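Below you'll find the structure, written out as structure tokens, and then a few comments.
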Amino acid sequence: MKSLNCRLVTQVRLPSVSEETRTAIVAQCCLLIASGYGARANARYEGETAMLLNVDGSVLVLVDFQERLVPVIHQGDEVVREAFRLAQIAQILAVPVVGTEQNPRHLGSNVHDLKRLCSQTLIKHTFDATSAGLVEILPAGTSRVLLAGCESHVCVLQTAFGLLERDIGVTVVRNAVGSRKQSDLDVAMVRLDRAGVELTTVEMIAFEWMRTCDHTNFRQVLRLVK
């Protein structure tokens, strides 16, 4: 497939450029294709209408909402509230929810209200949860992972990049992630956005998952959104 894509690139007409410039452009495009850029880009939209999120193929991952970590997160209580709201919505709409815990011996377990909504919790010591087996515990057919958690510039970011490398679409829930410092959170969002990660909010996810006010669970979800 990569060789086919590269052949198609060579057939594209580039008016008003020299042959040398055309050759350089084609070479760069082929390098991007060979590196897997095209596969990762396609993975972002597979199974989706335009750029809207779908229930099918989605999994919510709650990253390290741990008892000894949350209290030092900037606006940590609000971040937990938003994550709890999203996890409840996911449960209503039958979207799988899994959690991760970073070195729980030192940071404690995930807060109870969130942990009880997870079908399973992955114990890890690597900051990138995919290096600890996250992909292996995702349900079959997972095409997009929604990430909420902390810290945004460490485990959330590294896990997002790890998922992209494995050709899984990634959405980070902007109002359900946090860091100890606001500056770290801000820079993490810039890096994630530039890497092609979708940034969204709890309410956007809820309405995109349902699509219509005629949805069977609309009123139940609406009570959580309001």
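The values are calculated or read from the model by the stated rules, or taken from the named source; none is laboratory data. Quick caveat, the model's predicted, so the values are computed rather than measured. Neighbour counts are summed over all protein chains in view; Cβ atoms, including those assigned to glycine, are modelled from backbone coordinates with ideal geometry.
Quick check, is Leu134 surrounded by fewer than 21 Cβ atoms within 10 Å (Cβ to Cβ) and either modelled with pLDDT of 95 or more or within 23 Å of Met204 (Cβ to Cβ) (or both)?
Working: surrounded by fewer than 21 Cβ atoms within 10 Å (Cβ to Cβ): no; either modelled with pLDDT of 95 or more or within 23 Å of Met204 (Cβ to Cβ) (or both): yes.
No; evaluated as a whole, the condition is false for this residue.
Does the range 102-116 contain at least one residue that is in contact with a Leu (Cβ under 6 Å, 6 or more places away or on another chain), surrounded by fewer than 18 Cβ atoms within 10 Å (Cβ to Cβ) and of a type outside the set (S, T, N, Q)?
Yes, the range 102-116 has at least one match.
Against the conditions (1) without any contact (Cβ under 8 Å) to a residue 60 or more places away in the chain; (2) touching a strand residue (DSSP E or B) at 6+ places or on another chain (Cβ under 7 Å), where does Leu62 fall short? Just the number, please.
Just one mismatch for Leu62, condition (1).
Read through the list (1) on the phi > 0 side of the Ramachandran plot; (2) modelled with pLDDT of 95 or more; (3) under 12 Å from the mean Cα position of the chain (by Cα), then give the number of the only condition that Gly196 fails.
(2)
May I ask you to list the residues in the range 140-160 that are at pLDDT 95 or above and either loosely packed, with under 15 Cβ neighbours inside 10 Å or in a helix (DSSP H, G or I) (or both)?
Scanning the range 140-160 gives Ser152, His153, Val154, Cys155, Val156, Leu157, Gln158, Thr159, Ala160.
Return the residues of the range 176-206 that are within 24 Å of Ile123 (Cα to Cα) and touching a residue at least 40 places away in the same chain (Cβ under 8 Å); say none if nothing qualifies.
Scanning the range 176-206 gives Ala176, Val177, Gly178, Ser179, Arg180, Leu185.
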